4 protein chains.
Amino acid sequence: MKKLNVGMIGGGFMGKAHALAYAAMPMFFWPAPAIPHRHTVVDVTEELAKDAAAKLGFDNYSTDWRAVVNDPEIDVIDIVTPNNTHAEIAIAAAKAGKHVISEKPLALGAEEAKTMLEAVQAAGVKHAVAFNYRRTPAVALAKKYIEEGRIGNILNFRGTYLQDWSADSNSPLSWRFQKKIAGSGALGDIGTHVVDFARYLVGEISDVNAVTRTWIPERPIQTGGVDKLGTVKNSSEDVPKGKVDVDDEVITLVKFENGAIGSIEATRNAWGRNNFLTFEIHGTKGSLYFNYENRDELQVCFADDPSDAKGFRTVYTGPATPYGEALWPIPALGIGYGETKIIETHDFFKAIVENTHVSPNFDDGYRIELIADAILESAEKGEWVNINKSEVKVGQ
Amino acid sequence: MKKLNVGMIGGGFMGKAHALAYAAMPMFFWPAPAIPHRHTVVDVTEELAKDAAAKLGFDNYSTDWRAVVNDPEIDVIDIVTPNNTHAEIAIAAAKAGKHVISEKPLALGAEEAKTMLEAVQAAGVKHAVAFNYRRTPAVALAKKYIEEGRIGNILNFRGTYLQDWSADSNSPLSWRFQKKIAGSGALGDIGTHVVDFARYLVGEISDVNAVTRTWIPERPIQTGGVDKLGTVKNSSEDVPKGKVDVDDEVITLVKFENGAIGSIEATRNAWGRNNFLTFEIHGTKGSLYFNYENRDELQVCFADDPSDAKGFRTVYTGPATPYGEALWPIPALGIGYGETKIIETHDFFKAIVENTHVSPNFDDGYRIELIADAILESAEKGEWVNINKSEVKVGQ
Amino acid sequence: MKKLNVGMIGGGFMGKAHALAYAAMPMFFWPAPAIPHRHTVVDVTEELAKDAAAKLGFDNYSTDWRAVVNDPEIDVIDIVTPNNTHAEIAIAAAKAGKHVISEKPLALGAEEAKTMLEAVQAAGVKHAVAFNYRRTPAVALAKKYIEEGRIGNILNFRGTYLQDWSADSNSPLSWRFQKKIAGSGALGDIGTHVVDFARYLVGEISDVNAVTRTWIPERPIQTGGVDKLGTVKNSSEDVPKGKVDVDDEVITLVKFENGAIGSIEATRNAWGRNNFLTFEIHGTKGSLYFNYENRDELQVCFADDPSDAKGFRTVYTGPATPYGEALWPIPALGIGYGETKIIETHDFFKAIVENTHVSPNFDDGYRIELIADAILESAEKGEWVNINKSEVKVGQ
Amino acid sequence: MKKLNVGMIGGGFMGKAHALAYAAMPMFFWPAPAIPHRHTVVDVTEELAKDAAAKLGFDNYSTDWRAVVNDPEIDVIDIVTPNNTHAEIAIAAAKAGKHVISEKPLALGAEEAKTMLEAVQAAGVKHAVAFNYRRTPAVALAKKYIEEGRIGNILNFRGTYLQDWSADSNSPLSWRFQKKIAGSGALGDIGTHVVDFARYLVGEISDVNAVTRTWIPERPIQTGGVDKLGTVKNSSEDVPKGKVDVDDEVITLVKFENGAIGSIEATRNAWGRNNFLTFEIHGTKGSLYFNYENRDELQVCFADDPSDAKGFRTVYTGPATPYGEALWPIPALGIGYGETKIIETHDFFKAIVENTHVSPNFDDGYRIELIADAILESAEKGEWVNINKSEVKVGQ
């Protein structure tokens, strides 16, 4: 069986999730399209990199991502670093002929994303962007229902991504609150997952009309380098504070090219919501509801059920639903975060081996950046902004 | 104990709900502020009126609402007729010196509502508009938490009202789909309840930015006069169809005067949603969630709970929560639609007897119409519309 | 339309619920089988009785239940007093030729219940016992599914009734904790509702095997006479305490005559459970789940649904489900405690007028007492106890 | 860092879960107590074993479990085979001085389990039995609350494990329906997980009183060797059928040594329930509820919450709850089946390295078998059965 050597740039939380997927993918999808081999991991210091290799099961480690990108033994570059570094690494990897998977959002904005897309297209390498939540089996099941026409034409999409890990004003000013590193705030960090759902399930978005807010304008400056996602608070009064220059919350109206309308909301100030990534879709023949906090379940109502037995069904994903053969033998044994990454890895490696395209890829990542840029522009101008189709190249 | 004679104009579904409240209010609130006496009911034909009186327990019936409005024995006029008749009846009642409660929405638009407000103010009578859902004990509990500062400053409000009784294109063209009678569609019929929640719980709305859709442009013309709320379908092909000229769905962004933002959505095309009237509120110290489909419950998360025991609490309303003394002796015996109307009646009769103001009243009804008008204007123009404060008179 | 005069013995919490039903029943069921007229209410003191009449809308009041029972103007005697008084009143009413409805449990035990059953049978009057929860539309819908074979043969029944209003050891020693007045504790007060569900939905119980516990052996003696259901606590140390001689909790295994098995549990010591009256039924073709705390909903899973869309449906009761025509025009407007009593009243008055039998009646009440007695006997002996069929007379 | 070589006997569904845990444990728990090295996997044929090694990442494979058990390079023997083989393998492994982890239930009955316990005690090796569900962070959180006294003294435990994968009479007669291989049916397969919860959270069980049923007495004989857990149906009429000689359902009353009472139910005939492993615990100061189908959540109600804000809290496990440091950085990213196995592996390897005992171990496994045997005896005799303490050796 073919083996593909992975060079992973970054060894933090997302690196753990990806390493798990590399180890576990063949255990779930067998025969695997290819065996992901954890060849080299890169981190910012020798100590961190060495530790990451031991912890995550990589054969080698390095502090020089350029060397790894250009290492002829490496087949795949996996980018799990902060947003502002995606472009440089991805473009270098593409030029070196490596297949590339990047964490999301793809870039700091559409302009940058476009250069990345052009680079991978020019190099003819495979590319993917890690909007992993659409790999949740229940989301894939929603897609199946829609494609089979089981809920009819879609009228409405309501998507939310609500968290509270930074709702405390004493949670630190990590890179996720700095525009120059993150590009945007809740919008890019979590809102783009909802945009990915919207495009995946409903279709292209044509127009947006948004409002954004930064609820906590300054936060304690983080001393350590690691992204703790707010679990470490610092409420002492003499800790220096820095400015937050990204959005804490965004709400946008959306219009789809196919006539559907909807709304998308993302906030990190929703006490009690942890990873409340939801969508509700109303079609002419039924409705769908999904909430990642109960991710084994898809709720569906079919309009043509008998009137005395009509209502939302809670369907647990399992062997009878998408990816079910590969996962666990009965429903509700438990889909976790790892499973979404295992499926993502499978689909990407399959595309590499079979020389096809996987979605979402850099083209999707670019289009999502166009939408994100339009959302920010709309919020600033206070008006509807059209997604500039002239900027969109067809291609993957 | 004082007795107040009620003349109720209209004997349909809402008439039943109000009659139940008149009969039951003293059983719940005792001693009652006053005993509502079901004096006369009015309907469009003698047969209907007579039947309504027998069914709903009124002593008399009439087909002449003007006569009833001017009957010196009548103390209170209760308007439970289609929207386009509210103004004429209410103004006549006010001129006759009667206290007036009107079903919602108050009028076909703000201009008309203003004439009603001016009439009741000029007459010095008590007035109320029947946005009954804020009487749900769980909603009143949310208000209590907010007033006591238990969830801090409000950042965000997300409200929905989703139904499916008219999602079928064969459900008839009742008056609710005709602009000249209803004023607007989902917006006025159900969306205004959400606007009432927003104003009640968060504060005045300053700006709106909306999109509306009419998903089913024509429906079978209804032959009978009764509003069946979609339970009678007519799918035969040769039934004549009429045009729907109101919205089936509305989504609007909202900005509040106090800085909060949010969204409001109302649709009657949401298969599987029955009376899905919800709000979620995020504050600096906690969050609230309510869904009328499970109306005995309020969900609340407090930010300062210990980190290993933080999460939404499901609080069942009962003796320890607002109106609890009057209702049932333990939580979850069951709050139904009737209870909201019983409380509404109590609060209105109390205001009459104690010569105070009840809320929501015609001033609230008028302000809600201003917002509804702005929502329609925004949807038409595709831009933010400011609620014209210059038009708002202070007063109740 | 026929009018039936009601004499109601008792003016407390249950009296309120019944009075509401008398007033509202014709508003919901129209044309009504008969108009219940609130003729006379009885309470223990003149002051209480007078107040009850004013509050509950009765024309007359009395402190002499025997006089009311024998009043020739009275058609129906409604017994809403503590358990130990049911028999004497019901038997006297039957002898006086009155139709009788009694609150549940019917009696202090099977022996007493049998005398009541014999009395009403001898008198030829109509009789009913107020196990109102089976009137919840969602429970009636479960019955409909079962009767139509939609969940196949029943294998299993799991019923619970969990409350917490007396979980606090400082909640007072009301009559509900005294064997001589209540007969038994959680078993009779709430557990018998579950037994009623079991018999209604599954069939006759043949054997039981139970364990009971009294978790709080003594409680503060209650000074006032009114049953506050635990809302008034008394934690002062010098309040005298009295002995609780009934069960706080009961769990029993059950075998049904048709081969099904199951368990029934009732406790008033379940913090956080308010009126958690549930059943789950597994059949060969599907499953049902109901929880009164969300009483508008019935959950049903059909085995023959497609494998990728199988799961529990949450069906909201409304116009398309039992009693739907009479209640509210769309689902989830809200079923409350009142509605169950309104339906109960309708069904009983219909039986009176049409000279048929209603269920549950005194025969059901008697059989439930046989089962309750067997449960207590089983708990005491620590062994399976067979429901003595020889004691059961066929008849209603 | 220390490396421990694992010999895994069995390469099916459970083997996959364990292999995932060996690969991922150090990624989560870092520094890891030891690195589990996937040395050799054993399966019944060379083809299956070779395939398992490639799929699951083992260096070697074998069809001779005895050779692997005696391989001096092997440190840990992991038994993931059908129940009837556990004893022989475990005893051989202990004699060879290997640490042993066995899938559950430990044995076909208490007698056999006792020989296993004696073997590992005699050998002085570490031992564990894979009741993995208590490793769910939400279950560990429940344990923490209880140990900290936050719900007071426990009065009641209600546990269920409901599935439907074999509710169809055409699902095949796998080894799980054969007494000689499985020991018992739903009881051993899933009910023992609930028994493990009961002992872990409440304490030792003293007495049981059970009823069992075999709802589907015969099933199609399975031709292939693989355990498909019912996903492959065979409804053709001419497929030969074999007898099911184990229970499909068991319900038992339980008494605990500390005075608590409760019930435990397990069934594989509950349509719509997938992995419905639940417990509800009522204490003097609060209540707990857990359902593995929503395994990121623990529900807890504290009696001393303010009366207007009392109710079940839905706590999502994450960094602030047990194992949180090791798992994912925010709550609700997603606990899946894999995570329970990762934690189980960590705890076992930690015990090996630190020379301590892990729980549940063979002593727990033995005591659970004593209880299971008593449940079957009780069901057969129709009477309470005491857990024979004289048979229980103290020790781990």
Study note, to complete from the structure: Looks like region C:53-95, by Cα gyration tensor root eigenvalues a ≥ b ≥ c and the a/c under 1.5 rounded cutoff (else prolate when a/b is bigger than b/c, oblate otherwise), is oblate
**Study point:** Of B:15, B:159, B:324, the one that fluctuates the most in a GNM where chain B has Cα springs shorter than 10 Å
**Key:** B:324
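Under the rule of -39500 (n - 2.57) per DSSP H run of 4 or more residues, summed and divided by the residues of chain C, what mean residue ellipticity at 222 nm is obtained, to the nearest 500 deg cm²/dmol?
-9500 deg cm²/dmol
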**Study point:** Part-to-part distance (alpha-carbon centres) for region C:104-174 and region C:83-103, which is given in Å
**Key:** 18
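Can you flag which of C:126/C:350; B:2/C:55; B:350/C:3; D:144/D:285; C:180/D:285 are past 21 Å Cα-Cα?
Check vs 21 Å cut-off fails for B:350/C:3; C:180/D:285.
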Revision key, fill the gap. Taking max minus min of the Cα coordinates of region A:139-195 on each principal axis, largest first, gives extents in Å of 47, 22, 19
Study note, to complete from the structure: Under the 7 Å Cα-to-Cβ spin-label approximation, residue C:30 and residue B:179 lie apart by a distance in nanometres of 3.4
Study note, to complete from the structure: Straight-line reach check, residue A:16, cutoff 17 Å on alpha carbons, 8 or more apart in-chain or any other chain, hits among aspartates and glutamates -> A:43, A:47, A:51, A:59, A:78, A:103, A:227, A:339, A:344, D:325, D:339
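Provide the net charge surrounding residue D:303, with neighbours chosen by a C-beta distance below 9 Å and charges set as Lys +1, Arg +1, Asp -1, Glu -1.
-2
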Study note, to complete from the structure: One computes Rg over Rh for region A:3-133 from alpha-carbon atoms, with the Kirkwood Rh, and obtains 0.95
Check your understanding: Normalized C-alpha radius of gyration of region A:289-335, against 2.2 N^0.38 Å?
Key -> 1.30
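From other protein chains only, count the Cβ atoms within 10 Å of every residue's Cβ in B:295-306, then give the mean.
Mean inter-chain Cβ contacts per residue within 10 Å come to 5.
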Practice item. Starting from the Cα coordinates of region B:137-334, work out the convex hull volume and express it per residue in Å³. Key: 142
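Take the Cα pairs of region D:48-121, get the Kirkwood Rh, then feed it into Stokes-Einstein at 25 °C and 0.890 mPa s and tell me D in µm²/s. Please report the intermediate quantities before stating the final value.
On the way: Rh = 12.8 Å.
Calculated translational D: 191 µm²/s.
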Point to revise | Globularity ratio of chain A, using Cα Rg and 2.2 N^0.38 Å | key: 0.97
Review point. Roughly what would the spin-label model give for residue A:37 and residue D:354, points 7 Å off Cα along C-beta, in nm?
Key: 3.7
**Study point:** Share antiparallel - DSSP beta bridges, chain C, percent rounded to 5
**Key:** 60
Practice item. For chain C, set up a Gaussian network in which alpha carbons nearer than 10 Å are linked by springs, and say which option among C:198, C:122, C:309 fluctuates the most. Key: C:309
Study note, to complete from the structure: Checked the protein assembly as shown against the a/c 1.5 cut and the a/b vs b/c comparison, axes a ≥ b ≥ c from its Cα gyration tensor; verdict oblate
Point to revise | Highest-first arrangement of A:331-339, A:56-64, A:134-142, where packing means the average Cβ count within 10 Å | key: A:331-339, A:134-142, A:56-64
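Please give the average number of partner chain Cβ atoms lying within 10 Å of the Cβ of each residue in B:208-219, rounded to a whole number.
The mean count of partner-chain Cβ atoms within 10 Å per residue comes to 3.
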Check your understanding: When chain D is modelled as a GNM with alpha-carbon springs shorter than 10 Å, which of D:214, D:115, D:356 fluctuates the most?
Key -> D:356
Study note, to complete from the structure: In the A-onto-D rotation, chain A's nearest residue to the axis by C-beta, with distance in whole Å, turns out to be A:336, 1
Study note, to complete from the structure: Here the correct list, in nm and shortest first, of distances from residue D:304 to the same site in the other copies, label points 7 Å along Cα→Cβ, is 1.7, 5.7, 5.9
Exercise for review: Determine which residues of region B:25-42 fall in the zone a paramagnetic label at residue B:147 would reach in this model, i.e. backbone nitrogen under 19 Å from the point 7 Å along Cα→Cβ.
Suggested key: B:29, B:33
Point to revise | Sites residue C:63 and residue B:325, calculated FRET efficiency, Cβ-Cβ separation with R0 35 Å, nearest 0.05 | key: 0.85
**Study point:** Nearest-20 debye value, region D:119-179 charge dipole, Cβ charges on Lys, Arg, Asp, Glu
**Key:** 200
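The numbers here are math on the coordinates, done by the rules we state, and not lab data. Since the model is a prediction, treat every value here as computed from it, not as a measurement. For neighbour counting, all protein chains shown are included, and Cβ atoms are generated from backbone atoms with ideal geometry for every residue, glycine included.
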